[in-house]
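Worksheet: the structure to be examined is printed underneath.
The values are calculated or read from the model by the stated rules, or taken from the named source; none is laboratory data. Bear in mind the structure is a predicted one, so any value in this text is a computation, not a measurement. Neighbour counts run over all protein chains shown; Cβ positions are idealised from the backbone, glycine included. Note: accessible area is taken over every heavy atom of the protein model, side chains too, but ligands, DNA and RNA are not part of it. Shrake-Rupley method; radii C 1.70, N 1.55, O 1.52, S 1.80 Å.
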Amino acid sequence: MLRSRVDSAQREDTLASQAVLEWSLVPNATPRRAVGMVRAFSTIVGSDSAWQPLAGLSMPVTFAAEVRSADAQPAFITPADGACDARAAVVQALRETWLSPPSSLARGSTWRDSASYPLCRDGIVLQVQSLRVFTVEDAVVRDGILVLRVRRETTSSLAGRGQQFGDSIVVTGTGRATAALEVSLDGAAILSGSGSSELRLQLQGRRRTQDLVQHGALIIRMP
């Protein structure tokens, strides 16, 4: 849900998106490399009731990403971070399913990862800074599998500048998100998860200032 305000005018829009993706690590690659594909991507806009594929985007969309250190999030090589096309946008779903825990965990254990990368939205390249902190809250045995309950807390900031409606604008923003994840120790895979987020943006131009607040909900399911 996106609420925007320009001067005294306010507007509210809604968007839902879903991605089906597969990925795996390349054995013995240095630096670590993840490869995979987005098999399907679709959206529901506003009051529409049916999922619709993105126009002009052929599926699947393949991707490759490098993980340059143990505490880093993946950096996309193909399609490149910052590319201004739909292919680059949909592969970002990988970030929600990525985690790289340490080899030893106990209740209360924490680890973190961070990222600094360009992201293109509406033709404007934004520089994103992201920090995620993971905390092991509990462990349960389900169907003979040890499952960890992990809390993920994310803080982010972004900044950029570009053109919109013929006006030069400066974009700044901050975000916070939290998610509850169920993680299998076998392959450190997320079995399920849910969470919420808030992103606050300001677009400052010569003629007007636009304030935006985006509230999001996240659901992760393993097929």
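What the table shows:
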{"item": "For the chain, accessible area per residue (1.4 Å probe, heavy atoms of protein chains only), Å²", "result": "58 Å²"}
{"item": "Loop-exposed trypsin sites (Lys or Arg not before Pro) per DSSP, neighbour cap 16 Cβ within 10 angstrom, longest uninterrupted part of the chain", "result": "108-205"}
{"item": "Electrostatic dipole magnitude of the range 1-150 [Cβ: Lys, Arg +1; Asp, Glu -1; Cα centre; debye, to 20]", "result": "280 debye"}
{"item": "Cα-centre dipole for the range 69-141 with unit charges at Cβ (Lys and Arg positive, Asp and Glu negative), debye to 20", "result": "40 debye"}
{"item": "Distance from the range 1-65 to the range 159-173 (C-alpha centre basis), Å", "result": "23 Å"}
{"item": "Normalised contact order of the chain, rounded percent, pairs of Cα under 8 Å and 6 or more residues apart", "result": "14 percent"}
{"item": "Formal net charge of residues neighbouring Met1 (Cβ-Cβ distance under 11 Å; K, R +1; D, E -1)", "result": "-2"}
{"item": "Which of Val91, Pro60, Val133, positive extreme of dipole for the chain (C-beta unit charges)", "result": "Val133"}
{"item": "Rounded to the nearest 10 Å², the accessible area of Trp23 at probe 1.4 Å", "result": "80 Å²"}
{"item": "Rounded accessible area of Met1 (nearest 10 Å², 1.4 Å probe)", "result": "80 Å²"}
{"item": "Accessible surface of the chain [probe 1.4 Å, protein heavy atoms]: carbon and sulfur percent", "result": "52 percent"}
{"item": "Accessible surface of Leu185 - all protein chains present, 1.4 Å probe, nearest 10 Å²", "result": "100 Å²"}
{"item": "Matching label, mean projected area of the Cα convex hull in nm² computed from the structure shown, candidates [x] 15.6; [y] 13.6; [z] 14.7", "result": "[y]"}
{"item": "Net dipole in debye of the range 129-176 [+1 Lys, Arg Cβ; -1 Asp, Glu Cβ; about Cα centre; nearest 20]", "result": "40 debye"}
